[in-house]
1. I'm checking my understanding of the structure. Among residues of segment 228-249 that are in a loop (DSSP other than H, G, I, E, B) and in contact with a helix residue (DSSP H, G or I) (Cβ under 8 Å, 6 or more places away or on another chain), which one is nearest to T168 (Cα to Cα)?
2. Cβ contacts < 8 Å: first residue in contact (Cβ under 8 Å) with a residue 12 or more places away in the chain and aliphatic (A, V, I, L, M), restricted to segment 206-217; second residue crowded, with 16+ Cβ neighbours inside 10 Å and outside any loop (DSSP other than H, G, I, E, B), any location; separation 6+ or different chain. Result?
3. Mind checking which pairs have a first residue in segment 251-280 that is in a loop (DSSP other than H, G, I, E, B) and a second that is of a type in the set (F, W, Y), Cβ under 9 Å, 6 or more apart or different chains?
4. Consider P259 carefully, then state whether it is open to solvent by 10 Å² or more (accessible area, probe 1.4 Å) and within 16 Å of P221 (Cα to Cα).
5. For residues that are open to solvent by 60 Å² or more (accessible area, probe 1.4 Å) and either within 18 Å of I177 (Cβ to Cβ) or part of a helix (DSSP H, G or I) (or both), tally how many sit in segment 209-227.
6. For L57, work out the one condition from (1) open to solvent by less than 80 Å² (accessible area, probe 1.4 Å); (2) within 19 Å of D107 (Cα to Cα); (3) out of contact with any Gly (no Cβ under 6 Å at 6 or more places or on another chain) it doesn't fulfil.
7. Any residue at all in segment 335-344 that is among the charged types (D, E, K, R), within 23 Å of R406 (Cα to Cα) and part of a helix (DSSP H, G or I)?
8. Pairs under 6 Å by beta carbon, first residue at negative phi in segment 58-73, partner assigned to a helix (DSSP H, G or I) and open to solvent by less than 80 Å² (accessible area, probe 1.4 Å), six or more apart or different chains?
Amino acid sequence: MARQQALIVDDEADIRELLQITLSTMGLDCDQAGSVKEGRKLLAKGNYDLCLTDMRLPDGQGIELVKEIQTNHPKTPVAVITAYGSMESAVETLKAGAFDYVSKPVDLKALRDLVNSALRLREDRDVRERRSRHTMIGDSSPMRRLRGTIEKLARSQAPVFIHGESGTGKELAARLIHDKGPRAEQSFVAVNCGAIPADLMESEFFGHKRGSFTGAIADKPGLFQAADGGTLFLDEIAELPFPMQVKLLRAIQERAVRPVGSHEEVRVDVRILSATHHSLNERVAKGTFREDLYYRINVIELEIPPLRERPEDIPSLAEHCLKQLEQRSGRPSPGLSKEAIAALQAYTFPGNVRELENLLERASSLCEGNEIAAIDLHLNEGPREAPPPVTGKNLDEYLAELERSRITEALEETRWNKTEAAKRLGVSFRSLRYRMEKLGIE
């Protein structure tokens, strides 16, 4: 079997030698270049499985090679080597299409992790594509664009910020980025930042040592350690308290965490994906969200379209939801009449796909016979516009009212069974309890 090929571009001979020795022990043959010009010549001649390039070269910048490889050799992952503290430059290369970066002085374990992730990019790509395409349902133009973007994002290790209304499927998008990328066989750890009490947040994220505080009866790894080698998805990241934002920024930049009560840092190899339905720009402007953390997690932004912008996807989504209900209940689910489908497509779905799922679950339980009629959907208001802005209230107050209304509705539907209401809302019991306390729902 032919050995894989790597290209190393660096103007320092000792760095090139260190990288070549390390990659050779991993089974790669290496070509070396000391400038952008030499790198271009070798790229034109060879078919490389990986490229490592320094950020600053005698005749140009490594980002030039990154852009050229993205254009002419899109299947070749390229990583940049940056000087310590040059985080802004590293972020720029990630935006330009770099797979990842490693800082000088080069940490050999981090380098090996990076190389292994890059080489896994070509493995089983077709299998992952087939497995993933059928999870993000819909053939509308917005959904086709979204799937194409996810495919590109999966090839990178850049942090991705996922923005969209509640219920649009932000966690699903994060899982697809993970599943279609080189970390697919490793852990995907999702956490709702708004569901963790502030006094336990540092321990939950970074772990703790035995005896570090009352109740710490044993060493406990945190979420970063649990996601080591894989992906950490920070949902509702806007809910992080300000002190925790500082610690999270350091953990992301240093790629290391310090458990509570420990004097030593633990290195972690984690890809960060984050999401919220809030406007982080507004939070930054208000001073409640750190600007430096915002730019660190928002290297690439992924927008999830609301359901009202893709009504042609509703029939296939509804069919999928009903099949899932059938699998969970163990009994056949009813179908949808043409009138019911038309009613769904005319509805604006403020709660998006999650609301569609809850609506169909209720309708399938209440309908008579084996077909859901339009009347079973209880969409008495008919077609309507998206909720207008409420004058005299800022966005946070308005969204809080919408959230309070939806939670109260779910609780009333389930006769205030919190466990069942949490299921209908698509959140954990703990998250529901936290949100009820925050919103003053008793």
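1. The selected residue is E236.
2. What qualifies is A216/S203; A216/H208; A216/V260.
3. So the pair list comes out as R258/F206; P259/F206; G261/F213; S262/F206; V268/F224; V270/F224; H278/F289.
4. yes
5. So the answer is 0.
6. (2)
7. Taking segment 335-344 as the starting set, the residues that turn out to be among the charged types (D, E, K, R) are 338-339.
Cutting the leftovers down to within 23 Å of R406 (Cα to Cα) gives us none.
No, the conditions are met nowhere in segment 335-344.
8. D59/V36; I63/T93; I63/A96; E64/V36; L65/G39; V66/T93; V66/A96; K67/A96
The values are calculated or read from the model by the stated rules, or taken from the named source; none is laboratory data. Everything numeric in this text was worked out from a predicted model, so none of it was measured. Please note: Cβ atoms are built from the backbone with ideal geometry, for glycine as well, and neighbour counts cover all protein chains shown. In case anyone asks, the SASA skips ligands and DNA or RNA and just uses the protein heavy atoms, side chains included. Shrake-Rupley method; radii C 1.70, N 1.55, O 1.52, S 1.80 Å.
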